[in-house]
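Trainee: Before we start, here is the structure in question, set down as structure tokens.
The values are calculated or read from the model by the stated rules, or taken from the named source; none is laboratory data. Everything numeric here is computed off the predicted structure, so don't read it as measured data. Cβ sites come from the backbone with ideal geometry, for glycine too, and all protein chains shown count toward neighbours.
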Amino acid sequence: MRRRELLAGVGALGALGVGGAVAFTDLSLTDRGGVEGVEPVEIQRFEARGSPQGTEMVPEPGRVTFVEMFATWCGICQRNMPELVEAAEAVDDDVQFLSVTNEPVGQTVQPADVVEWFESRGGNWHLAVDDELELSRRVDATGVPTHLVFDAENRITWEKTGFTESDTIVERVQSA
């Protein structure tokens, strides 16, 4: 009987350890996108504070890129905005820094609603929509908020889903 209890206890501890490692580890995927990197996607920018209307290639070849995938309905995205404001102010101007929604803009949410959400929370960098979900597919972004850093060769050097502190974002951008 004691042997069964011991084996059950060891099994439970192992499962708990694996679960904890998954829950509390950010996934740094240094070889994501392969040797060639992620193929850039042309996405539409919203006209907002810090974001001129037009299109943008993401990630931009030859430039370090930070992307936040978000949704206006996401509570964690809202709570993370002050951290993004701080990070955007701290990174160099030569870094492509943008927030991208993959919501069905024009259907469940209107462009003006996305802009208002962004600006009312201090956003002052490029704001865009991944309306065809092409960027989301290429980086396998399945949750929000998802934060990604690409190096100048468009390789994902860091990815994290969930709340992220500004210091972590800045550190990961600077190390790309």
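Trainee: When both residues are 6+ apart or on different chains and their Cβ atoms are under 9 Å apart, which pairs have a first residue that lies in region 82-106 and is surrounded by 15 or more Cβ atoms within 10 Å (Cβ to Cβ), and a second that is hydroxyl-bearing (S, T, Y) and part of a loop (DSSP other than H, G, I, E, B)?
Mentor: Correct list of pairs: E83/T164; L84/T164; A87/T164; T101/T72; E103/T72.
Trainee: Can you say whether E60 is assigned to a loop (DSSP other than H, G, I, E, B), out of contact with any Asp or Glu (no Cβ under 6 Å at 6 or more places or on another chain) and in contact (Cβ under 8 Å) with a residue 12 or more places away in the chain, as far as the supplied structure shows? Steps first, please.
Mentor: Details: assigned to a loop (DSSP other than H, G, I, E, B): yes; out of contact with any Asp or Glu (no Cβ under 6 Å at 6 or more places or on another chain): yes; in contact (Cβ under 8 Å) with a residue 12 or more places away in the chain: yes.
Judged against the criteria, E60 is a match.
Trainee: Does V114 count as at pLDDT 95 or above, in a helix (DSSP H, G or I), among the aliphatic types (A, V, I, L, M) and farther than 24 Å from I156 by Cβ? Don't jump to the end; show me each part of the working.
Mentor: Values: at pLDDT 95 or above: yes; in a helix (DSSP H, G or I): yes; among the aliphatic types (A, V, I, L, M): yes; farther than 24 Å from I156 by Cβ: yes.
Yes: the conditions hold for V114.
Trainee: Follow-up. Any residue at all in region 119-134 that's free of Cβ contacts under 8 Å to residues at least 40 places away in the same chain, over 19 Å from S51 (Cα atoms) and out of contact with any Asp or Glu (no Cβ under 6 Å at 6 or more places or on another chain)? Spell out how you get there, then give the answer.
Mentor: Step one: of region 119-134, the residues free of Cβ contacts under 8 Å to residues at least 40 places away in the same chain are 120, 132-133.
Now narrow it down to the ones that are over 19 Å from S51 (Cα atoms): 132-133.
Adding the requirement that they be out of contact with any Asp or Glu (no Cβ under 6 Å at 6 or more places or on another chain) leaves 132-133.
Yes, region 119-134 contains at least one residue that is free of Cβ contacts under 8 Å to residues at least 40 places away in the same chain, over 19 Å from S51 (Cα atoms) and out of contact with any Asp or Glu (no Cβ under 6 Å at 6 or more places or on another chain).
Trainee: Would you call Q44 of a type in the set (S, T, N, Q) and in a loop (DSSP other than H, G, I, E, B)?
Mentor: no
Trainee: While we're looking at this one, here's another question. Which of the residues that make up region 127-162 are of a type in the set (S, T, N, Q) and at pLDDT 95 or above? Can you show your working first?
Mentor: Going through region 127-162, the residues of a type in the set (S, T, N, Q) turn out to be 136, 142, 146, 154, 157, 161.
If the condition is that a residue be of a type in the set (S, T, N, Q) and at pLDDT 95 or above, then S136, T146, N154, T157, T161 are the ones that fit.
Trainee: Can we say E5 is at pLDDT 55 or above and assigned to a helix (DSSP H, G or I)?
Mentor: Details: at pLDDT 55 or above: yes; assigned to a helix (DSSP H, G or I): yes.
It is true that E5 is at pLDDT 55 or above and assigned to a helix (DSSP H, G or I).
Trainee: Right, something else. Name the single residue that is surrounded by the most Cβ atoms within 10 Å (Cβ to Cβ) among those in region 140-154 being β-branched (V, I, T) and in contact with a Phe, Trp or Tyr (Cβ under 7 Å, 6 or more places away or on another chain).
Mentor: Among them, the one singled out is V149.
Trainee: A follow-up question, please. Anything in region 154-176 that is over 13 Å from Q96 (Cα atoms) and part of a loop (DSSP other than H, G, I, E, B)? List them, or say none.
Mentor: R155, G162, F163, T164, E165
Trainee: Just need a number here: residues in region 91-111 that are closer than 27 Å to R172 by Cα and either out of contact with any strand residue (DSSP E or B) (no Cβ under 9 Å at 6 or more places or on another chain) or part of a helix (DSSP H, G or I) (or both). Reasoning before the result, please.
Mentor: As a first pass, look at region 91-111 and keep what is closer than 27 Å to R172 by Cα: 91-103.
Okay, now just the ones that are also either out of contact with any strand residue (DSSP E or B) (no Cβ under 9 Å at 6 or more places or on another chain) or part of a helix (DSSP H, G or I) (or both), so 92-94.
Total meeting the criteria: 3.
Trainee: Can I ask one more? Can you name every residue in region 68-81 that is under 14 Å from S120 (Cβ atoms), without any contact (Cβ under 8 Å) to a residue 60 or more places away in the chain and in a helix (DSSP H, G or I)?
Mentor: Passing the criteria: Q78, M81.
Trainee: For region 119-147, name all the residues that are at positive phi and out of contact with any helix residue (DSSP H, G or I) (no Cβ under 6 Å at 6 or more places or on another chain). Steps first, answer last, please.
Mentor: Residues of region 119-147 at positive phi: 122, 133, 140.
Within region 119-147, L133, D140 meet the criteria.
Trainee: Among (1) part of a helix (DSSP H, G or I); (2) in contact with a Lys or Arg (Cβ under 9 Å, 6 or more places away or on another chain); (3) not acidic (D, E), which single condition is A88 missing?
Mentor: The one condition A88 does not meet is (2).
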